[in-house]
Amino acid sequence: MPADPARWLRRTMARMPQFGLARVPDAPLPVVRDLWPGEPTRGANLLRGELEAAGVTGRLTQASFADRQGPLALRVAVHGFVWLRDLRALGTDAARIQARAMVGEWIATPVEPLASRPDVAGARIAAWLGHYDFFASSADDGFRQMLMGRLVADARTLAATLPAEEIDERALTAVKGLIAAAVALPEQAGFMQRALKVLPGEIGRQILPDGTHCERSPAMLLAALQDLCEIRNLLQAGQTPIPSALSSAIERMAPVLRALRHGDGGLALFNGAREGSPALIEAVLTQAGRAGRVPASMTDGGFQRLSAGRSLLIADCGRPAGPGLDRAAQAGTLSFELSIGRDRLIVNCGAAPSPSLQWREASCATAAHSTLVIADTSSSEVRAEGLGHRPEHVEQQRQEAGGAHWLEMSHDGWKRPFGALHRRRLYMADSGDDIRGEDAIEAPTPQPYVIRFHLHPGVDASLQQDGEAVLMRLPSGSGWRLRADGARMALEESIYLGGATPRKAEQVVLFGYEDGAQHIKWAITRVG
């Protein structure tokens, strides 16, 4: 007997011709358009056969559909067809013809098994239906019949595989695809019933009470909110009542997404996030609707937001996501980012630009974050997929008075190797021009440690001759000084992985004295 008889039965019945048989419609009813803006530049690259996904660039040709060896993120993108929106944004006849040709070649090509994974199939179904009027409505009858037949077949298989084995954000993408099929193919009555049975449970499991996402990544929060907004739009188009769990989740998530943005409109770089497209983020927030109050404290998700004057500090003070939800997790516990107006000053390095294990280990390491590191050892064990041992107890306490903020945090991620506890205290004055911190290690024996402050590539930094401070100049022209007590200070090379391509950057490193006090006080203050 199979391990899961119920799932095996659903899949087997879905593949039987007599099960759920209905006439394949000539066209989707109604036609639903994709909500999100594409990028014409990427569309032009697609015409040249170049596809970029999650920082990885590769070829998009008919041969790509059968490739089982390339980077996983790229293969997922190839079969998900989300890139159709970039061809649509380009808007030329050549783009329309290319889109139609690639869909036709995909249908005609024996593709790899990854294409049937629920989230990949869900993304593809939603993309084909969302851009149907762009690439298919003017096609000949043969193409449209072929397309609609494949849509029905894929949707039936997807219905049989829900709930998806993936328990992270990808499950929402799978549900979205089935709902898109249910709306566009109303004769397939079982699709909507199946999707609406799964949706509330997924929302309840993934969206935390404070509106953060269970993966603790701003990028995953954005993706989840995108999917839920699309689902709501699809249900409205199909004149299906909106589940209260869906409306409530969107209402809670939108303010959190705003809270995890910097002044330039991009995302904070925690747990595999890149800056992302400010235009897309704004479009998602617009679709989400009524703007709630931006939260300062997100205790369920483990983030704190300190804001005063033109200064904004976002800190990660939560326990890393658990097994099965940690594909994007990094060892950045107690790290923070600081921006002044539209300029980023202190950052984390960001997401790996390559799927290689070497890049993953480097970008996920504690050393790639603006926080303390003991003996060049990460606070969570970085594995090829997810994390191994990680902090068990992460605590946070916040106080405010007269516009000033105090934040106290601690974690025990180094308890196993060193018996150590890391405590970090942060203070922001009511003007936003004075940010102070103290990092301390509680351990039975002194430990070698450093504190890293990664700087955005736009920051011009110089170490003062006495080595007691670093002067930092932002693109806007404002100057800031970082100084410290109880440490040797250095300015070293770093790398910034928050944008489309890696960029050289610098970092301020404070070297603690192993035979001295196990704490360092530091301050970042405005100059002039």
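The values are calculated or read from the model by the stated rules, or taken from the named source; none is laboratory data. Since the model is a prediction, treat every value here as computed from it, not as a measurement. Don't worry about glycine lacking a Cβ; one is built from the backbone with ideal geometry, like all the others, and counts go over all protein chains shown.
The table below lists the values:
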{"read-out": "Filter result for GLU39 (buried (at least 17 other Cβ atoms within 10 Å of the Cβ), over 30 Å from PRO163 (Cα atoms) and of a type in the set (Asp, Glu))", "value": "yes"}
{"read-out": "Test: residue in the range 461-482 that is touching a Pro at 6+ places or on another chain (Cβ under 7 Å), part of a loop (DSSP other than H, G, I, E, B) and either of a type in the set (Ser, Thr, Tyr) or crowded, with 16+ Cβ neighbours inside 10 Å (or both)", "value": "no"}
{"read-out": "Residues satisfying the stated conditions in the range 251-280, i.e. in a helix (DSSP H, G or I) and touching a strand residue (DSSP E or B) at 6+ places or on another chain (Cβ under 9 Å)", "value": "ARG252, MET253, VAL256, LEU257, ALA259, PRO278"}
{"read-out": "Test result for THR161, buried (at least 18 other Cβ atoms within 10 Å of the Cβ) and modelled with pLDDT under 95", "value": "yes"}
{"read-out": "Check on VAL198, in a helix (DSSP H, G or I) and out of contact with any Gly (no Cβ under 8 Å at 6 or more places or on another chain)", "value": "yes"}
{"read-out": "Residues (surrounded by fewer than 18 Cβ atoms within 10 Å (Cβ to Cβ), touching a helix residue (DSSP H, G or I) at 6+ places or on another chain (Cβ under 7 Å) and either at pLDDT 95 or above or part of a helix (DSSP H, G or I) (or both)) located in the range 108-143", "value": "LEU114, SER116, PHE143"}
{"read-out": "Residues of the range 319-378 that turn out to be crowded, with 22+ Cβ neighbours inside 10 Å and either under 16 Å from HIS422 (Cα atoms) or in contact with a helix residue (DSSP H, G or I) (Cβ under 8 Å, 6 or more places away or on another chain) (or both), as a count", "value": "23"}
{"read-out": "Test: residue in the range 164-171 that is basic (Lys, Arg), under 28 Å from the mean Cα position of the chain (by Cα) and more than 17 Å from PHE191 (Cα to Cα)", "value": "yes"}
{"read-out": "1 or more residues farther than 29 Å from VAL470 by Cα, in contact with a strand residue (DSSP E or B) (Cβ under 6 Å, 6 or more places away or on another chain) and not charged (D, E, K, R): qualifying strands (runs of 3 or more DSSP E) within the range 306-425", "value": "394-401"}
{"read-out": "Any hit, the range 65-82, residues being modelled with pLDDT under 85, among the charged types (D, E, K, R) and either closer than 30 Å to ILE231 by Cβ or within 31 Å of the chain's Cα centre (by Cα) (or both)", "value": "no"}
{"read-out": "Test for ILE346: is it under 24 Å from PRO295 (Cβ atoms) and in contact (Cβ under 8 Å) with a residue 40 or more places away in the chain", "value": "yes"}
{"read-out": "For VAL82: the one exception among (1) buried (at least 19 other Cβ atoms within 10 Å of the Cβ); (2) part of a helix (DSSP H, G or I); (3) without any contact (Cβ under 8 Å) to a residue 60 or more places away in the chain", "value": "(2)"}
{"read-out": "Residue ID - modelled with the lowest pLDDT, chosen from residues in the range 483-508 that are of a type in the set (Gly, Ala, Ser), in a strand (DSSP E or B) and farther than 30 Å from ALA54 by Cβ", "value": "ALA487"}
{"read-out": "Test for GLY498: is it over 27 Å from the mean Cα position of the chain (by Cα) and closer than 20 Å to SER335 by Cα", "value": "no"}
{"read-out": "Subset of the range 395-433 that is under 20 Å from SER378 (Cβ atoms) and acidic (Asp, Glu) - its residue that is surrounded by the fewest Cβ atoms within 10 Å (Cβ to Cβ)", "value": "GLU395"}
{"read-out": "Looking only at the range 164-176, and only at residues there that are modelled with pLDDT of 95 or more and β-branched (Val, Ile, Thr), the one that is farthest from ARG75 (Cα to Cα)", "value": "VAL175"}
{"read-out": "Lone qualifier among ARG261, ARG310, ARG232, ARG274 - being modelled with pLDDT of 95 or more, in contact with a Leu (Cβ under 9 Å, 6 or more places away or on another chain) and closer than 30 Å to GLN399 by Cβ", "value": "ARG261"}
{"read-out": "Selection status of LEU491, in contact with a Ser or Thr (Cβ under 8 Å, 6 or more places away or on another chain), surrounded by 15 or more Cβ atoms within 10 Å (Cβ to Cβ) and among the aliphatic types (A, V, I, L, M)", "value": "yes"}
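Per-residue answers, yes or no, for (1) in contact (Cβ under 8 Å) with a residue 60 or more places away in the chain; (2) surrounded by fewer than 17 Cβ atoms within 10 Å (Cβ to Cβ):
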position: LEU29; (1), (2): yes, yes
position: GLY43; (1), (2): no, no
position: GLY55; (1), (2): yes, no
position: GLY58; (1), (2): no, no
position: PRO71; (1), (2): yes, no
position: MET102; (1), (2): no, no
